[in-house]
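Visitor: My structure is below; once you've seen it, I'll send some questions.
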Amino acid sequence: MPWIQNKPLLTVIRWQMLFTIIATLASGLLIDLHGAISALLGGFVSVTSSFAFAVIVSRHKGYSASGTLRTALRAEAVKILVTVMLLWLVLVTYKDVNTLVFIGAFAIAVIVNSMALLVSDKAEAIHNK
């Protein structure tokens, strides 16, 4: 993805997409088609907001502490806005959403985001030695 130059953030998005695929397949097999679509949409919300965050952070060119902080706050604000808008959009438009699966897949994808970033940073540090 040429829009994202930050390897740890790219790793996070890949892990979230992998989780989303697994959750979609599992929900389709264990629940039904609407469960699978709900899991897909829940993961999609998290992946999309993470992507928006990563694009903004990757565009950051300044090296000052204040510039870095402004970029981080702007990226986080966009991520929250995208998340809220997509959660609302799905819940309003998809009448057969399995709410438990949708919110569960979204929440776990958010957790994967946090865990993958920590693992990715360590792997990046070891790789650079």
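The numbers here are math on the coordinates, done by the rules we state, and not lab data. Predicted model, so just to flag it, every value in this text is computed and none were measured. Backbone-built Cβ (ideal geometry, glycine too); neighbour counts: all protein chains shown.
Visitor: How tilted is helix 33-58 with respect to the longest principal axis of the chain? Cα atoms for both, answer in degrees (0 to 90, nearest 10).
Guide: Taking Cα atoms only, the helix is inclined about 10 degrees.
Visitor: Return, ordered by residue number, the residues of the stretch 68-110 whose backbone nitrogen is under 18 Å from a label point located 7 Å along Cα→Cβ of Trp3.
Guide: 72, 74-87
Visitor: Can you figure out the FRET efficiency of Leu18 with Arg59, using R₀ = 25 Å and their beta-carbon distance, to the nearest 0.05?
Guide: Details: r = 25 Å, r/R0 = 1.02.
My answer for the efficiency is 0.50.
Visitor: Work through the residues other than Phe53 whose Cβ is under 12 Å from its Cβ and net out their charges, Lys, Arg +1 and Asp, Glu -1. Let's see the in-between values first.
Guide: On the way: positive: Arg59, Arg74, Lys79; negative: Glu76.
Neighbourhood net charge equals +2.
Visitor: Right, next: At 222 nm, what value in deg cm²/dmol follows for the chain if DSSP H runs of at least 4 each add -39500 (n - 2.57) and the sum is divided by all its residues, to the nearest 500?
Guide: The helix contribution divided over the chain gives -30000 deg cm²/dmol.
Visitor: Then there's this: Round to the nearest 10 and give me the degree value, 0 to 90, for the angle of helix 99-127's Cα axis relative to the longest principal axis of the chain.
Guide: Around 30 degrees separate the two axes.
Visitor: Right, another one. Give me the Kirkwood hydrodynamic radius of the chain in Å, from all C-alpha pairs, to one decimal place?
Guide: 15.5
Visitor: Gaussian network model of the chain, Cα springs within a sub-10 Å range: biggest mean-square fluctuation belongs to which of Ser50, Ser66, Ser38?
Guide: Result for the chain, Cα springs under 10 Å: Ser66 fluctuates most.
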